[in-house]
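Contents: one structure, followed by commentary.
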Amino acid sequence: MSRCIVVVTAVHGPHARFLPEAYASLCAQRLPGGWEWHWVVQEDGESEGVRPHVPRDARVTFRQGRAGGPGVARTMALAHADGSYVKVLDADDRLAPGVLARDLAVLEGDPDLGWATSRVLDLMPDGSTAGFPGDPDEGPIERGAVLAHWKANGFLAQVHPASLFVRRELLLALGGWMALPASEDTGLLLALNAVSRGWFSGEVGLLYRKWDGQMTGQAAHADRAEREVRVAVVEARARALSRLRWGAPAAL
């Protein structure tokens, strides 16, 4: 496996204008010698409006495909994920300085960890930031801890799936993101924690943009009937997977 971190971004038309900011935050990352990043931007659809916002850089791959939601787009992007690790970066978010190197150091240092997350700050329209209450202490997250917290706290995880950094082989073994209209990233997070330990970094790793066009702010996302179905299948999958255990390849 190449010494590469594949950064996966799903995008559709309204979010494309933020891609240059996401790219700038990626270019500011510094990795250890011998490591590199590859940014895969997968459009959720086949419009003419996204490509002009994609930077011209040999390290950037742009692909299009049938619309199916962000989970489908990210999973399709895995066809171009030729590295050891996958980092999620939503099109309207920005990486914080140093996060790729920190995530990499944690997983390279402990083969028993399958994934890592970081502290996230909301990025408000006026440029100010705001933290989330209840961040866990920095350190390992034991198997099943995310599901337990999610169930006990109104289906809110204690770590943010938009900050996910994960071993590519483990991500593929779980089938990528869930086939849901929303909460596909939370479903993946719970599945990962069902089979492997993770890590939470107390340093800020992501600026999560808050704006009128974000998908989680749309009325459909809060539809009660759909939400009940989503959380039911997310929980059922996590509980079924909890009877399994992921093991890092011997080479790690």
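The table for this structure:
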item: Residue 16 vs. criteria touching a residue at least 12 places away in the same chain (Cβ under 8 Å), over 26 Å from residue 167 (Cα atoms) and open to solvent by less than 20 Å² (accessible area, probe 1.4 Å); result: yes
item: Matching residues, segment 140-155, being surrounded by 13 or more Cβ atoms within 10 Å (Cβ to Cβ), closer than 16 Å to residue 115 by Cβ and not small (Gly, Ala, Ser); result: 140, 141, 143, 146, 147, 149, 150
item: Which numbered condition residue 30 misses (of (1) within 14 Å of residue 206 (Cβ to Cβ); (2) open to solvent by 50 Å² or more (accessible area, probe 1.4 Å)); result: (1)
item: Count of residues meeting criterion [more than 20 Å from residue 210 (Cβ to Cβ), in a loop (DSSP other than H, G, I, E, B) and touching a Gly at 6+ places or on another chain (Cβ under 9 Å)] in segment 144-162; result: 1
item: So residue 226, is it modelled with pLDDT under 95 and open to solvent by 40 Å² or more (accessible area, probe 1.4 Å); result: yes
item: Qualifying positions in segment 63-89 - part of a helix (DSSP H, G or I) and over 17 Å from residue 168 (Cα atoms); result: 70
item: Qualifying residue in segment 118-139 (condition: out of contact with any Leu (no Cβ under 7 Å at 6 or more places or on another chain), open to solvent by less than 10 Å² (accessible area, probe 1.4 Å), assigned to a loop (DSSP other than H, G, I, E, B) and hydrophobic (A, V, I, L, M, F, W, C)); result: no
item: Per-region count, segment 90-109, residues in a loop (DSSP other than H, G, I, E, B) and under 15 Å from the mean Cα position of the chain (by Cα); result: 5
item: Filter result (out of contact with any helix residue (DSSP H, G or I) (no Cβ under 7 Å at 6 or more places or on another chain) and either surrounded by fewer than 16 Cβ atoms within 10 Å (Cβ to Cβ) or over 22 Å from residue 168 (Cβ atoms) (or both)) within segment 47-62; result: 48, 51, 52, 56, 57, 58, 59
item: Single residue of segment 167-197 satisfying the filter (part of a helix (DSSP H, G or I) and within 13 Å of residue 244 (Cβ to Cβ)) that is most open to solvent (accessible area, probe 1.4 Å); result: 173
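The values are calculated or read from the model by the stated rules, or taken from the named source; none is laboratory data. Bear in mind that the values here come from a model prediction, so they are computed numbers and not experimental data. Positions of Cβ are backbone-derived with ideal geometry, glycine not excepted, and every protein chain shown enters the neighbour counts. Only protein heavy atoms, including side chains, enter the accessible area calculation; ligands, DNA and RNA are left aside. Shrake-Rupley method; radii C 1.70, N 1.55, O 1.52, S 1.80 Å.
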